[in-house]
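Chemist: For reference, the structure I am asking about is given below.
The values are calculated or read from the model by the stated rules, or taken from the named source; none is laboratory data. In this text, all values refer to a predicted model and were calculated from it rather than measured experimentally. Neighbour counts are summed over all protein chains in view; Cβ atoms, including those assigned to glycine, are modelled from backbone coordinates with ideal geometry.
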Amino acid sequence: MTQLRTVQVLGGGSAGSSAHVRSLAAGLVARGVRVTVCAPAGLDRDYDFLGAGAHFLPVPRRSDPAAVGALRAACAGADVVHAHGLHAAVRTSLALRGRPAPFVVTWHTRAPAEGARGRLLRMMERKALRTAAVVLAGSSDLVDRARLRGARDARLAPVAVPGPRLPLEAAEGKARAELGAVERPLVMAVGSLDPHRGYDVLLDAAGLWRELDPVPLVVVAGEGRERGALQRRIEAEELPVRLIGRRDDITDLLAAADVAVLPSRWEGRSLLAQEALRLGVPLVATGVGGVPELVGEGAELVPYGDPAALATAVSELLGDTGRRTRLVAAGRAQAGTWPTEDETIAQVLSVYDELTGRS
């Protein structure tokens, strides 16, 4: 039997989808599959697809004729083309127009949007998902949404990403000292500073935490277009919150936290949630999207947009050591139910075999 040839296409490269493609590439190559990764140039530097044994072709995150033409050339001769994320799926569907190669889409996440932007996103979803032979969705609500948008075959496919490196206690202590939380609780959030992340609600909750003694320090790691507005509000209201931008030591920072928070309007298989539960950090998250399915009983869930509920859940955890201990144990047990990288790779390969008649 000839060697199976796949092309993996990334768009902007969210941390979750990029880490998944890196893991998938390494696993497929180890199983004798030829893998080419098409992605913006900087992503190979960050994720080392070449080091995973894949071929790498830099393709910009655009839908102009030159970028689509480069992607079309890369897909020539492929047995299966697999796009990760909505933008990558739309561009790949354009590149594959008239080509016979089976097309698979993994839908990792979606960005809530209203008005004209929301209508555009729904149009993109329909275009990409109706073109795919199979849509693999990371959470049950995305499976339902894919079917609603006209997907011919939508399947639940929880994506496993590599577990975090466990930091040393010295690293945790250093992180707390750097952040200024040696003698006060540390509440940690991670994610892009975008409107749907719910950081306005987190700032509301931080205002309520000023009643506590000592006052918790809230640290947000991430960058985005809302930074200026958030920083102005922090300064105007003298909130105990620090925005520290993008960091490459997230595991150390998160492991040092007393509580992690995820206040988003929507999440799929949140990387923050996965890392927190694996590291044994109590998590308070909004019960939205794929979060309840992901965390089970391993996190405290609160409604989206309710700062009082968020503030209360965090305050009660900070004040009750036994409750934190029980939540950590439940979180680690829940993490043990998630698919492994090998199981994820085996599921994807079985889809490829099915579409190419190799099963």
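Chemist: For residues that are surrounded by fewer than 17 Cβ atoms within 10 Å (Cβ to Cβ) and within 25 Å of Val348 (Cα to Cα), scanning just segment 56-69, find the one that is farthest from the chain's Cα centre (by Cα).
Modeler: The extreme case among them is Pro58.
Chemist: Hey, can you tell me all the residues within segment 1-53 that are assigned to a helix (DSSP H, G or I), of a type in the set (A, V, I, L, M) and touching a Phe, Trp or Tyr at 6+ places or on another chain (Cβ under 6 Å)? Walk me through it before giving the result.
Modeler: Looking only at segment 1-53, we keep the residues that are assigned to a helix (DSSP H, G or I), and these are 15-30, 42-47.
Keeping just the survivors that are of a type in the set (A, V, I, L, M) gives 15, 19, 21, 24-26, 28-30, 43.
Matches in segment 1-53: Ala25 only.
Chemist: Another question, then. Would it be correct to say that Ser270 is hydroxyl-bearing (Ser, Thr, Tyr), surrounded by fewer than 20 Cβ atoms within 10 Å (Cβ to Cβ) and either without any contact (Cβ under 8 Å) to a residue 12 or more places away in the chain or not assigned by TED's automatic domain parsing to the domain that holds Glu114 (or both)? So that I can check it myself, show each step before the final result.
Modeler: Working: hydroxyl-bearing (Ser, Thr, Tyr): yes; surrounded by fewer than 20 Cβ atoms within 10 Å (Cβ to Cβ): no; either without any contact (Cβ under 8 Å) to a residue 12 or more places away in the chain or not assigned by TED's automatic domain parsing to the domain that holds Glu114 (or both): yes.
It is false that Ser270 is hydroxyl-bearing (Ser, Thr, Tyr), surrounded by fewer than 20 Cβ atoms within 10 Å (Cβ to Cβ) and either without any contact (Cβ under 8 Å) to a residue 12 or more places away in the chain or not assigned by TED's automatic domain parsing to the domain that holds Glu114 (or both).
Chemist: How many of the residues in segment 317-343 are without any contact (Cβ under 8 Å) to a residue 12 or more places away in the chain and within 18 Å of the chain's Cα centre (by Cα)?
Modeler: 0
Chemist: If you scan segment 135-159, which residues turn out to be under 20 Å from Pro102 (Cβ atoms), within 21 Å of the chain's Cα centre (by Cα) and not in a loop (DSSP other than H, G, I, E, B)?
Modeler: Val135, Leu136, Ala137, Val143, Ala146, Ala154, Arg155, Leu156
Chemist: When you look at Pro307, is it surrounded by fewer than 22 Cβ atoms within 10 Å (Cβ to Cβ) and either in contact with a Gly (Cβ under 9 Å, 6 or more places away or on another chain) or modelled with pLDDT under 95 (or both), yes or no?
Modeler: Details: surrounded by fewer than 22 Cβ atoms within 10 Å (Cβ to Cβ): yes; either in contact with a Gly (Cβ under 9 Å, 6 or more places away or on another chain) or modelled with pLDDT under 95 (or both): yes.
Considered against the rule, which asks whether it is surrounded by fewer than 22 Cβ atoms within 10 Å (Cβ to Cβ) and either in contact with a Gly (Cβ under 9 Å, 6 or more places away or on another chain) or modelled with pLDDT under 95 (or both), Pro307 comes out as yes.
Chemist: For segment 201-229, give me each residue that is under 17 Å from Val261 (Cβ atoms), at pLDDT 95 or above and either of a type in the set (Val, Ile, Thr) or surrounded by fewer than 16 Cβ atoms within 10 Å (Cβ to Cβ) (or both).
Modeler: Result: Val201, Leu208, Val215, Val218, Val219, Val220.
Chemist: Name the one entry in Glu293, Glu297 that is in a loop (DSSP other than H, G, I, E, B) and more than 20 Å from Glu183 (Cα to Cα). Before you say what the answer is, go through the steps one by one.
Modeler: Details: Glu293 fails: in a loop (DSSP other than H, G, I, E, B).
After ruling out the rest, the residue left standing is Glu297.
Chemist: Which numbered condition in (1) surrounded by fewer than 23 Cβ atoms within 10 Å (Cβ to Cβ); (2) at pLDDT below 95 is the only one that Gly289 fails?
Modeler: (1)
Chemist: Against the condition more than 16 Å from Gly85 (Cα to Cα), modelled with pLDDT of 90 or more and not assigned by TED's automatic domain parsing to the domain that holds Glu275, how does Asp141 come out, does it pass? Give the steps one after another, and end with the answer.
Modeler: Working: more than 16 Å from Gly85 (Cα to Cα): no; modelled with pLDDT of 90 or more: yes; not assigned by TED's automatic domain parsing to the domain that holds Glu275: yes.
In short, no.
Chemist: Moving to a separate point now. Residues in segment 240-253: is at least one part of a strand (DSSP E or B), free of Cβ contacts under 8 Å to residues at least 60 places away in the same chain and in contact with a helix residue (DSSP H, G or I) (Cβ under 7 Å, 6 or more places away or on another chain)?
Modeler: Residues of segment 240-253 that are part of a strand (DSSP E or B), as a first pass: 241-245.
If we keep only those that are free of Cβ contacts under 8 Å to residues at least 60 places away in the same chain too, we end up with 241, 243, 245.
Going one step further and asking which of them are in contact with a helix residue (DSSP H, G or I) (Cβ under 7 Å, 6 or more places away or on another chain), we end up with 241, 243.
Looking through segment 240-253, at least one residue is part of a strand (DSSP E or B), free of Cβ contacts under 8 Å to residues at least 60 places away in the same chain and in contact with a helix residue (DSSP H, G or I) (Cβ under 7 Å, 6 or more places away or on another chain).
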